[in-house]
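The structure appears right after this line, and notes come after that.
The values are calculated or read from the model by the stated rules, or taken from the named source; none is laboratory data. The structure displayed is predicted, hence computed values, not measured ones. Please note: Cβ atoms are built from the backbone with ideal geometry, for glycine as well, and neighbour counts cover all protein chains shown.
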Amino acid sequence: MPIFPPGFHWGSATASHQVEGNNTNNDWWDWEHDPASPCVEPSGDAIDHYHRYDDDFALLAALGQNAHRFSLEWSRIEPAEGEFSTAALDHYARMLDSLARHGLTAFVTLHHFTLPRWFAARGGWLAPDALDVFGRYVARVSAALGDRMPYVCTINEPQIVARECYLSGQFPPGHRDLTEAVTVNGVLARAHRTAVEVMRAGPGSSQLGTCLHLPHLEPLRPGDEADEGATAAARLVMVDTHLDDLRAGGDVGDFVGLQYYSRALIDATAADLTAPPPEGVETTLMGWEVYPAGFGAVLRRIAAAGLPVVVTENGIATADDDQRVRYLASHLAEVASALADGVDVRGYLYWSSFDNFEWAVGYRPTFGLVGIDRTDGLRRTPRRSAELFGEVARTGDLTVLRPA
């Protein structure tokens with residue numbers, strides 16, 4: 001009996017600001033050009049996906065993928081408050097048509113971190129009418145694109161927005177305020193419900209879901225009262241708040257997106273409550289521990305929300321493609337195990353399709369199945385991992401994932 005069910009979605013993912021290039025009208029463009037921000041470099045042209053999307057989609061399809069996740073750039077669609085760009089909406093319609101033409105099922109993210117400048121200036125997610133503003137944007141997107149979007153991801157990683165924008169200060173607006181972070185975490189849970197309600201009223205029959213970043217949380221010192229308490233508090237904010245909301249009733253969508261990269265060891269004595277990975281463990285270019293067992297754990301935990309699961313991000317930043325192949329093998333084995341245990345997993349979208357702009361740390365971390373040569377006209381070069389991942393997509397056979 002096949003491990004992966006018929007119709008399983010095999011693909012990869014991008015986000016508009018990380019690949020399009022020259023998104024000059026959002027808060028991230030301002031942030032990466034602020035000398036006081038932690039950004040190591042600006043995004044600039046990114047990988048010029050805005051102009052090269054059709055060739056890029058053709059390449060991903062030729063590599064064997066059957067699905068693709070990308071995000072709409074709100075600042076292009078609504079460049080000034082209440083003013084919507086037909087040209088931008090037409091551009092994204094052409095992207096969706098291109099995906100369909102190449103046999104790639106579209107997963108469209110409505111909000112992936114960036115905010116239009118005008119919205120950020122009036123408070124962003126802390127603005128008293130933030131949900132109304134977001135709902136208006138979603139309504140315009142739905143009217144223009146709803147019948148072209150088979151899957152819609154409403155909010156990307158609400159917990160990370162809350163943490164990085166309003167607690168750690170690494171993302172714009174760079175605040176460090178626990179109350180603001182908790183507030184935004186709740187607002188974004190409601191923003192998901194807002195988007196679901198608006199999309200249901202529009203054209204098309206998109207499958208809808210939020211995309212939750214769920215690290216595997218463990219106390220650094222099991223049994224230590226302070227570490228155990230800090231772990232429980234972190235789990236409440238990062239995990240349980242959103243899973244409880246999905247279980248609370250009402251229309252919360254049709255699936256839930258899971259995004260997993262590593263485990264987090266919680267140290268109550270650390271300023272950010274997080275301990276570095278244990279000495280000697282395998283890590284990535286981001287400094288994250290490679291910990292596939294945590295992926296299996298959170299697959300089972302998120303299933304408690306009572307919705308089908310799509311892995312909307314999972315991947316590794318590495319300069320060693322053999323490490324990427326090993327990562328895929330170990331993490332896809334966890335998906336297979338979860339399926340065998342009855343978890344309703346509908347797809348796996350690797351992060352990312354291409355090397356891209358990794359937010360505050362710039363272009364150094366290479367996540368892509370397809371490499372980008374920034375010294376040679378942004379030339380695309382599929383890695384061996386991309387070929388092997390495509391073989392898995394075509395056959396469901398994980399044994400092909402062997403290092404060279």
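The rows are residues; the columns are (1) surrounded by fewer than 22 Cβ atoms within 10 Å (Cβ to Cβ); (2) within 19 Å of Tyr151 (Cα to Cα); (3) at pLDDT below 95.
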{"site": "Ser205", "(1), (2), (3)": "yes, yes, no"}
{"site": "Gly229", "(1), (2), (3)": "yes, no, no"}
{"site": "Leu246", "(1), (2), (3)": "no, yes, no"}
{"site": "Ala268", "(1), (2), (3)": "yes, no, no"}
{"site": "Gly287", "(1), (2), (3)": "yes, no, no"}
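Ala360 satisfies every condition listed in (1) more than 30 Å from Tyr50 (Cα to Cα); (2) part of a helix (DSSP H, G or I); (3) of a type in the set (A, V, I, L, M, F, W, C) except (1). Kindly establish whether Leu167 is over 14 Å from His111 (Cα atoms) and crowded, with 18+ Cβ neighbours inside 10 Å. Answer is yes for this residue. Taken together, the residues in the stretch 369-404 that are part of a strand (DSSP E or B) and hydroxyl-bearing (Ser, Thr, Tyr) amount to 1. Checked against (1) out of contact with any strand residue (DSSP E or B) (no Cβ under 6 Å at 6 or more places or on another chain); (2) surrounded by fewer than 24 Cβ atoms within 10 Å (Cβ to Cβ); (3) within 26 Å of Ser16 (Cβ to Cβ); (4) of a type in the set (D, E, K, R), Arg301 passes all but condition (3). Looking at the stretch 207-214, is at least one residue among the β-branched types (Val, Ile, Thr) and outside any strand (DSSP E or B)? Looking for residues that are among the β-branched types (Val, Ile, Thr) and outside any strand (DSSP E or B), one finds none in the stretch 207-214, hence no. Out of all the residues in the stretch 67-87, is one or more more than 30 Å from Asp129 (Cβ to Cβ) and either modelled with pLDDT of 95 or more or part of a helix (DSSP H, G or I) (or both)? Yes, that holds for at least one residue.
Being small (Gly, Ala, Ser) and in contact (Cβ under 8 Å) with a residue 24 or more places away in the chain is the filter here, so list the residues in the stretch 328-361 that pass it.
Residues of the stretch 328-361 small (Gly, Ala, Ser): 329-330, 333, 336-338, 340, 342, 347, 352-353, 360.
The answer is Ala329, Ser330, Ala333, Ala336, Ser337, Ala338, Ala340, Gly347, Ser352, Ser353, Ala360.
Of Thr231, Thr241, which residue is hydroxyl-bearing (Ser, Thr, Tyr) and either in contact (Cβ under 8 Å) with a residue 40 or more places away in the chain or part of a strand (DSSP E or B) (or both)? Unique residue meeting the criteria: Thr241.
Okay, residues lined up against (1) over 20 Å from the mean Cα position of the chain (by Cα); (2) without any contact (Cβ under 8 Å) to a residue 40 or more places away in the chain:
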residue	(1), (2)
Gly64	yes, no
Leu72	no, no
Ala88	yes, yes
Ala100	yes, no
His111	no, no
Arg117	yes, no
Ala127	yes, yes
Phe171	no, no
